[in-house]
Every structure is written in structure tokens, then in C-alpha cells.
Amino acid sequence: MLLVSLPASLFALAPVFFDTAGRLQRVPAPANPGTTRFYTLVHNGQSLVKADGGGWKPALLSASEVSEVGGGGALQVFLGSVEDAASPLQRGDYWLLETSALDEQPPASIGGDGAAWEPLRARAGPSVCDALEVDEAALLATARGLAHWHNSVRFCSKCGSAEVVPYRNGKGRRCNVCSERFRPRLDASVIVLVLDATRSRCLLGRKAAWPTGRYSTLAGFVEFGETLEECVVREVCEESGCSVDRSTLDFVASQPWLFPRSLMVGFTVCAAPSEGADAALAVDEDELEDARWFSKEYVREQLGLEREAGRDGPAVEGGFHVPSRVSLARTLIESWLAE
Ligand SMILES: [Zn+2]
């Protein structure tokens with residue numbers, strides 16, 4: 001009998017939300033001045049969207065509509081171009097119009113019937129993001145993330161001047177006094193599905209602030225100077241007390257998480273052989289309220305019940321559930337279930 005250990009990444013079936021597979025081209029600058037422009041608006045962290053059936057769509061404005069809403073005083077940032085007919089976004093160049101600096105928030109009605117200012121993510125329950133198609137969500141999240149970054153770099157961190165202005169269509173900011181340049185920064189994070197040595201159980205944790213019944217994969221920020229691999233080993237141990245076998249570490253997928261500025265790198269890893277089936281976990285109570293092992297059968301059954309109930313959430317109120325399809329945690333869990 002031939003025994004071959006296949007990396008988990010071969011089984012990664014679920015697409016990663018926010019990954020447009022290049023349909024939203026993040027080119028450095030617009031291709032030519034004649035290309036149609038679409039603007040997505042952000043004001044104090046909220047995005048302009050409009051109701052569409054039971055869901056949401058981006059409320060996109062034309063260049064002439066933008067000029068009527070005091071666009072001159074607002075920040076404009078080039079986000080990218082769409083040329084792919086497979087995208088739900090029309091062909092054209094896409095821009096952020098960030099209006100927080102205006103004296104008044106533009107009325108939502110500039111986005112047309114059913115338009116509203118909404119946060120993309122909700123602390124609990126369904127969010128706008130969950131109701132968008134991937135390309136639309138990626139566009140709005142990129143816009144929101146860049147709006148947050150531009151607002152967070154108002155002063156030069158080298159000379160203290162307040163004359164820090166966007167350059168290269170908002171791809172960066174530059175100090176007009178000392179010429180220091182700033183580029184958007186992302187915080188690297190790992191997100192990891194810990195499995196037992198037989199890959200038949202997974203370790204999930206929950207934070208006290210989460211909705212009742214929600215469990216998710218462990219995650220944490222990469223420390224300065226640390227490799228992703230070191231980070232996985234450290235974070236799992238810190239949060240749950242579980243030692244992992246670094247030789248079993250497999251990269252599965254990555255995901256931008258611009259709430260406000262993370263890049264999540266997703267892995268699976270197996271617990272060290274010394275961590276027997278009943279090894280006690282030592283949960284870091286500053287981070288998690290609980291962490292425990294769940295069998296593959298149980299997780300599969302619960303996700304199946306959720307699908308049958310037609311819900312993106314627990315099949316019964318307060319029941320076991322994992323984060324929505326928008327999350328990389330869900331991708332990791334579903335990839336494991338498909339192994
Ligand atoms: Zn400066």
C-alpha cells in the first residue's frame with residue numbers, strides 16, 4: 001500500500017471571499033482618460049450602497065454626479081480597472097471618493113433609490129459584505145480600507161508637518177515639507193485550523209464578545225521579525241496551550257481583511273503527537289472565552305443543518321456555528337471537511 005501525505009492545499013475547494021482572481025486589476029494608474037469612471041463613496045467608515053432585492057449592491061456614481069456632491073473637497077483614490085466581462089462590475093475605472101473632510105455628509109439619496117450609508121461589517125448577524133458578490137465586496141472593502149489609511153496618515157511621522165498629501169492617484173501620501181513618502185500598510189496575521197494527528201478533529205475557540213454558539217479558527221498578528229511559521233506555533237500555544245507539529249504546517253490560502261488593514265494568511269497544522277486526544281487545553285482567557293476540539297462529523301452535520309435551514313448562521317438560535325462564507329476561517333474549515 002502506498003501512503004502519501006498530501007498537503008491540505010490540494011483539497012482547498014472553497015473560493016476565498018475578496019479574491020477577484022484578477023478581475024479587479026489593481027494597476028498603478030488609469031489606462032486612458034476616455035475610460036468610464038465609477039466612484040464608490042466612503043464617509044467616516046461607512047460605504048454608500050443600495051438595496052437590491054433582499055441584498056445590497058454598491059451605489060456607484062459617475063464623474064458628473066461626483067462633481068455635483070462637492071467632489072472637489074473630497075479625497076479621490078484610484079482603486080483599479082475592470083475589463084473582464086465575467087465580473088459583476090461594469091468595464092471601467094474605479095475610484096474611491098472619501099467625503100469625511102466635507103462639512104456635511106452627502107445625503108444617501110445621491111446614490112439613487114434605496115441608497116444608504118452602511119458599515120460593510122456588522123458585529124453580529126448579517127452584514128452588507130455577506131450580501132455582496134465577491135468583486136463588489138472586494139471593491140468596497142478596498143475603498144474602505146484605503147479611506148481608513150489616508151485618514152490615519154494626516155501628519156508626517158518624520159517631521160511632524162500636517163502637509164501630507166496624496167500622490168500617484170492616492171496610491172501613497174507624501175510630505176510637502178520633508179518629502180517623506182508613505183505607502184498603505186497591512187498588518188500580517190495568521191489564521192490557523194489546528195487538527196489532531198489523525199485530522200479527524202479540529203480545535204476551535206470563541207471570544208466572549210461573539211454571538212452565542214460561534215466558534216472559529218485561532219488567529220493572531222505576526223510579531224516584528226517573526227516568520228509566519230513561528231507565528232503559527234506561538235499563537236496556537238499562547239491562545240490554547242496546544243503544541244503543534246511544525247512539520248505538518250500547510251499553507252491553504254490568504255485573504256485581505258481590510259477591517260481595517262490585515263492580510264490574513266491561512267494554514268492548517270496538526271497538534272504535536274504528545275497532545276493526546278484528551279490533552280487538557282490551557283485557554284488564554286484574555287483572548288478567548290473557550291477553546292475545544294470538535295469532531296469532523298459534528299462540524300459537517302452542523303454546517304449541513306445550516307444549509308438545510310437556508311441560513312448563514314446557526315441552524316437553531318444560539319447553536320454551534322462558524323463565521324460566514326465571507327471569512328477565511330470558513331474556507332479553512334470547509335476545505336478540511338472536503339478532505
Ligand atoms: Zn515631513
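What whole-number value in Å² describes the accessible area per residue of segment 24-152 for a 1.4 Å probe? It would help to have the intermediate numbers written out before the result.
On the way: 5710 Å² over 129 residues.
Heavy-atom accessible area per residue stands at 44 Å².
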For the pair GLN25 and ARG185, the simple spin-label estimate (label points 7 Å beyond Cα toward Cβ) gives in nm 3.2
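Report the local net charge at CYS175: Lys and Arg +1, Asp and Glu -1, summed over other residues whose C-beta lies under 10 Å from its C-beta. Please list the in-between numbers first.
Values: positive: LYS158, ARG173, ARG174, ARG181; negative: GLU163, GLU180.
Around CYS175, the charge tally is +2.
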Once all protein chains are kept in place, CYS202 shows an accessible area at probe 1.4 Å, nearest 10 Å², of 0
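For the chain, what is the calculated [θ] at 222 nm in deg cm²/dmol (nearest 500), taking -39500 (n - 2.57) for each run of four or more DSSP H residues and dividing by its residue count? Could you put the intermediate results ahead of the total?
On the way: 5 runs with 60 residues, N = 339.
That comes out to -5500 deg cm²/dmol.
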When the charge dipole of the chain is computed with +1 at the Cβ of Lys and Arg and -1 at the Cβ of Asp and Glu, the Cα pointing farthest to the positive end, of ILE110, ALA253, ALA137, is that of ILE110
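Return one whole number: the accessible area per residue of segment 186-337 in Å², for a 1.4 Å probe.
Details: 6930 Å² over 152 residues.
Per residue, segment 186-337 has an accessible area of 46 Å².
Do me a favour and compute the ellipsoid semi-axes for the chain from its Cα gyration tensor, root of five times each eigenvalue, largest one first, whole Å.
Details: eigenvalues 308, 111, 69 Å².
One finds semi-axes of 39, 24, 19 Å for the chain.
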Shape call for segment 24-152, from the Cα gyration tensor axes a ≥ b ≥ c (a/c under 1.5 means rounded, otherwise prolate when a/b beats b/c, else oblate), comes out rounded
Reported to the nearest 10 Å², TYR167 has, with a 1.4 Å probe, an accessible area equal to 30
Under Stokes-Einstein, segment 221-339 at 25 °C and 0.890 mPa s, with its Kirkwood radius over C-alpha pairs, diffuses with a coefficient in µm²/s of 153
Straight-line reach check, LYS158, cutoff 20 Å on alpha carbons, 8 or more apart in-chain or any other chain, hits among aspartates and glutamates -> GLU180
By the Cα gyration tensor axes a ≥ b ≥ c (a/c under 1.5 gives rounded; else a/b larger than b/c gives prolate, otherwise oblate), the shape of segment 155-308 is prolate
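I'd like the GluC sites (Glu not before Pro) in segment 93-146 restricted to DSSP loop residues with at most 12 other Cβ atoms within 10 Å, sorted by number. Don't skip to the answer; put the middle values down first.
Working: sites: GLU98, GLU104, GLU133, GLU136; in loops: GLU104, GLU133.
The qualifying sites are GLU104.
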Applying a 4.7 angstrom Cβ cut-off across the chain, unpaired cysteine residues come out as CYS129, CYS202, CYS231, CYS237, CYS242, CYS270
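Tally up the carbon and sulfur contribution to the accessible surface of the chain as a whole percent, 1.4 Å probe, everything protein left in place. Before the final figure, lay out each step's value.
Working: 8390 of 16650 Å².
Carbon-and-sulfur percentage of accessible area, whole number: 50.
The values are calculated or read from the model by the stated rules, or taken from the named source; none is laboratory data. Since the model is a prediction, treat every value here as computed from it, not as a measurement. For neighbour counting, all protein chains shown are included, and Cβ atoms are generated from backbone atoms with ideal geometry for every residue, glycine included. Side chains are part of the model used for accessible areas, which takes the heavy atoms of the whole protein and leaves out ligands, DNA and RNA. Shrake-Rupley method; radii C 1.70, N 1.55, O 1.52, S 1.80 Å.
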